[in-house]
Amino acid sequence: MRIERPKPVGQRQWTPLTMTNAGLAFGLELALLASLCYWGFKTGSSLATRLLLGLGAPALAAAFWGLFLAAGGPRFRQPLGVEIVLKLLALLTGALALHASGRTTLAVVYAVLVVISVTVEYTAH
């Protein structure tokens, strides 16, 4: 098994596995934002804190993703190992948000899907 950075979308060799994983990965990215939003609105004690957390946490995650992990080319490219760790940490933040919101089973399922997706992304060529 060889670990390498995925090629740009137009240069990839698309297989049923990589196409399915691309869809899963996009869904997991959206689920990250949704889980942070859910956590923020559930966690805040007042309307102001619910708005700040429920809208601010997903906005920060999206900004982080754009700067370091965007598929079209991040603003600040990292070495491959750092990129993989950042992607896992960013996506698994969604699992932590779900767990903190009392959705433990959903958090576990999400975390397992994240690990599978990231593994396939960097090993299936």
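The values are calculated or read from the model by the stated rules, or taken from the named source; none is laboratory data. What you see is a predicted model; the values in this text were computed from it and never measured. All Cβ positions, even for glycine, are placed from backbone atoms using ideal geometry, and neighbour counts span all protein chains on display. For the accessible areas, the whole protein counts, side chains as well, though only heavy atoms, and no ligand, DNA or RNA atoms are used. Shrake-Rupley method; radii C 1.70, N 1.55, O 1.52, S 1.80 Å.
Values for this structure:
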| item | result |
| --- | --- |
| Selection within region 86-125 - open to solvent by 50 Å² or more (accessible area, probe 1.4 Å), more than 24 Å from Q13 (Cα to Cα) and more than 11 Å from the chain's Cα centre (by Cα) | L96, H99, A100, G102, R103, T104, T105, L106, V108, V109, V112 |
| Spans of helices (runs of 4 or more DSSP H) in region 44-125 with at least 1 residues among the basic types (K, R) and in contact with a helix residue (DSSP H, G or I) (Cβ under 9 Å, 6 or more places away or on another chain) | 47-68, 80-100 |
| Count of region 60-83 residues which are over 11 Å from the mean Cα position of the chain (by Cα) and either within 12 Å of R5 (Cα to Cα) or open to solvent by less than 60 Å² (accessible area, probe 1.4 Å) (or both) | 13 |
| Any hit, region 42-55, residues being within 14 Å of the chain's Cα centre (by Cα) and free of Cβ contacts under 8 Å to residues at least 24 places away in the same chain | no |
| Within region 11-43, tally of residues that are assigned to a loop (DSSP other than H, G, I, E, B), open to solvent by 90 Å² or more (accessible area, probe 1.4 Å) and β-branched (V, I, T) | 0 |
